[in-house]
Amino acid sequence: MRMAPAVTDLSKRNEPATGHMDRPVRHERLRFYLAGALAILFGLFCHRCLASVVEHLGIATWIHFDHPVTQPILLGEVGTPSQRWSTVTLTDDFTDTNVFLTILSAVLAYYFARVCYRLDVATVMNRRARWLLGGWVVGTAVMIAISQGLGVVARCLPWLVSSYWVAGWVGLVVWAGSANLFATAWGKVMRWRGVPEAGHD
């Protein structure tokens, strides 16, 4: 006696299991936002700690002027008729050292966010990542030292700071050139030490 084939509901078979599929996605998004929030707090904490260290070494991260000073500022979108120069009056301002510490804090927060998201320190902080992070730390120290050296030169050569444009261009050329030379040198050291390339860990 032949048995009738079982009738299956193909429409139900093709229905996605939304309940089981959405749950991992929701957890992944929650982990992503949580890692981002923790990274912001960690970055602020790192900046405060780093600023405290350099201030204890006698390096200023913030300057309070004895009297208000004016500084030129470019307003509007570049290359449009709305672009124009104006001036702002400041009673205090951050130093170059503060900028370098902010960048380093952002880098540290980036790696912290990756660790929080992946929940695996060994995978995130592999040998290449450790060398790159070390390069950021050493490079920041080098840039701060150069900034202090430029301050000494400016005090010895007052005409450098008499013009905002001259001081700005000199600082930009020195910092850009120093950063490029340091990055090249650090890359050569990494290759000499056998640090694997990206994606070959």
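The values are calculated or read from the model by the stated rules, or taken from the named source; none is laboratory data. No experiment lies behind these values; they were computed from the predicted model shown. Every residue, glycine among them, receives a Cβ derived from its backbone with ideal geometry; neighbour counts consider all protein chains shown.
What to note about this one:
- Within the stretch 53-111, the set of residues being exposed (fewer than 12 other Cβ atoms within 10 Å of the Cβ), assigned to a loop (DSSP other than H, G, I, E, B) and of a type in the set (A, V, I, L, M, F, W, C) comprises L57, V78.
- Given (1) more than 30 Å from E28 (Cβ to Cβ); (2) surrounded by 14 or more Cβ atoms within 10 Å (Cβ to Cβ), number of the condition R114 does not satisfy: (1)
- Unique match (being of a type in the set (A, V, I, L, M, F, W, C) and either assigned to a loop (DSSP other than H, G, I, E, B) or touching a residue at least 40 places away in the same chain (Cβ under 8 Å) (or both)) among A198, A129, A167: A198
- Meets criteria (under 30 Å from A183 (Cα atoms) and more than 14 Å from the chain's Cα centre (by Cα)) for R128: yes
- Residue count for the stretch 131-154, restricted to those that are of a type outside the set (A, V, I, L, M, F, W, C), modelled with pLDDT of 90 or more and closer than 15 Å to A179 by Cβ: 3.
- Scanning the stretch 157-192 for residues that are modelled with pLDDT under 90 and of a type outside the set (A, V, I, L, M, F, W, C) yields a total of 6.
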